[in-house]
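Report on the structure given below.
The values are calculated or read from the model by the stated rules, or taken from the named source; none is laboratory data. Bear in mind the structure is a predicted one, so any value in this text is a computation, not a measurement. Cβ: placed from backbone, ideal geometry, glycine included. Neighbour counts: every protein chain shown.
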Amino acid sequence: MKLNIYLSIFITLNLASCSISKPVNYSIEDSKNSLHPQFLIYHNNESTSQLFFQVATEDVLYSRATINQPFSAKILLEYIVFQKDYKEIIDSGSILITDQYLKNKKTRIDTNFIFNFSKTEEGFLDLRISDINRSREFRKTLSIDKFSESSRQFYMITDTNNQILFDDFFFEGQSILIKSNFNNDKLYATKNKTVFPLSPPPFTKSAQPSFPDNISFTEELNFNSQNIIFYDLPNEGFVFFQLDTLNDLGFTLFNFHNDYPLLKSAEQLIPPLRYLTTKDEFDLLVSSINPKVAVDKYWLSNATSKERARTLIRVYYSRVEFANKLFSCHLEGWKTDRGMISIIFGTPSYTSLVRNSEVWIYGDENNIHSLKFVFDQKPNPFSSNNFVLSRNYSYKNPWYRAVESWRNGKVYLLK
């Protein structure tokens, strides 16, 4: 009964807000007490689809009433499936996920459920994930594309251990299995080594990148008798998979580096410093014989103590890693407009999705003096996660004020 009450409230709130805006969760600062779930939609048949859900157990609070009982976590997953125009609810429901352990806790909690959705339709899946023990929640709206069979949602991609690939990036030499319940013929794979530049500052004009999709040999991949394609991914670049090479429709898997989205080597710590450095400073860092010494020297030169430098390094690069996890598209997440803003300014006070745009506000929501960024979703054959900042010269002073704070040895967090 209680779950039905939760779901009824969730549906009411969504219906009231769907024509205005929807909340977006970006927990960049408080990572230990926030949910960072992953989702994947896969189309089963003509009438139903399936959502796969995964969350790290370190993001969830486990508790127990007595010392003799196992530790227990409870996650409430509520969902509503809408048509594209949000005028009709196609399906809805809620799932209570319970996980327990006595000594050894597993690393992830996985579940999946089937929902109603017809072939040739497009729509949205609204999700609310609640960590009941911690009274924290995460909201997400996923686009459903059951119209174009070039969409990745028509393909289940796993590694050779049958683990689902939730992300769009892969590692050097990785092998994958591609399965589809709709396509039993072939796919075309085009390897691409284009390196896209990082975002310029928010007050400058941004040229729209070009997306070359046929710059190398296109390989024909055939499904076997089990309706599976085995494919060895390249050591570098990315691969664009298509049903038809005469259009720009398809899905992409990227190889940014083997540790992605994490930063585990000194060489990986240098490129994100471009937002804080002058050209001469950055060139010096890049040409350094010993990257670790160069990075440490840079941060120590800005901080008043080793302790302050360690804090700067921890916060700055944790923001870079979260940008990689949240905002990856044809670019590494830290190179995108949303990545740039989140790294320099921190977590926004308010975030919302208005049609095809994300609105970020730093400060009070209704204060005209608050800093507001609008990111518009732009067409991109390689990713649907491409949001471009509406740039404005008025951002110049806030940008330099934030950068100067970092350069003076102070973590910048605009509230």
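Out of all the residues in the range 77-132, which are among the polar types (S, T, N, Q) and closer than 28 Å to residue 148 by Cβ? Lay out the reasoning, then the answer.
Filtering the range 77-132 for residues among the polar types (S, T, N, Q) gives 83, 92, 94, 98, 100, 104, 107, 111-112, 116, 118, 120, 130.
83, 92, 111, 112, 116, 118, 120, listed by residue number.
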The lone exception for residue 252 - which of (1) closer than 23 Å to residue 327 by Cβ; (2) outside any strand (DSSP E or B); (3) polar (S, T, N, Q) it fails | (2)
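In the range 391-412, what residues are part of a loop (DSSP other than H, G, I, E, B) and surrounded by 15 or more Cβ atoms within 10 Å (Cβ to Cβ)?
The initial filter retains those residues of the range 391-412 that are part of a loop (DSSP other than H, G, I, E, B), namely 391-392, 408-412.
391, 409, 410, 411, 412, listed by residue number.
Okay, residues lined up against (1) more than 25 Å from residue 151 (Cα to Cα); (2) in contact (Cβ under 8 Å) with a residue 24 or more places away in the chain:
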residue	(1), (2)
338	no, yes
361	yes, no
364	yes, no
367	yes, no
375	no, yes
378	no, yes
409	yes, yes
414	yes, yes
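Residue 321: modelled with pLDDT under 90, among the charged types (D, E, K, R), outside any strand (DSSP E or B) and not assigned by TED's automatic domain parsing to the domain that holds residue 34, yes or no?
Working: modelled with pLDDT under 90: no; among the charged types (D, E, K, R): yes; outside any strand (DSSP E or B): yes; not assigned by TED's automatic domain parsing to the domain that holds residue 34: yes.
Here the answer is no, as residue 321 does not meet what is asked.
Residue 230: within 23 Å of residue 401 (Cα to Cα) and touching a Leu at 6+ places or on another chain (Cβ under 7 Å), yes or no?
no
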Out of the range 247-276, which residues are surrounded by fewer than 17 Cβ atoms within 10 Å (Cβ to Cβ) and among the polar types (S, T, N, Q)?
-> 247, 258, 265
For the range 369-389, how many residues meet the condition of being part of a loop (DSSP other than H, G, I, E, B), under 10 Å from residue 357 (Cα atoms) and at pLDDT 90 or above?
-> 0
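Would you be able to tell me the number of residues in the range 333-364 that are in a loop (DSSP other than H, G, I, E, B) and surrounded by 24 or more Cβ atoms within 10 Å (Cβ to Cβ)? Even if it seems obvious, please write down each step before you answer.
Going through the range 333-364, the residues in a loop (DSSP other than H, G, I, E, B) turn out to be 336, 346-349, 355-356, 363-364.
Next, only the ones that are surrounded by 24 or more Cβ atoms within 10 Å (Cβ to Cβ) stay: 336, 348.
Looking only at that region, the number is 2.
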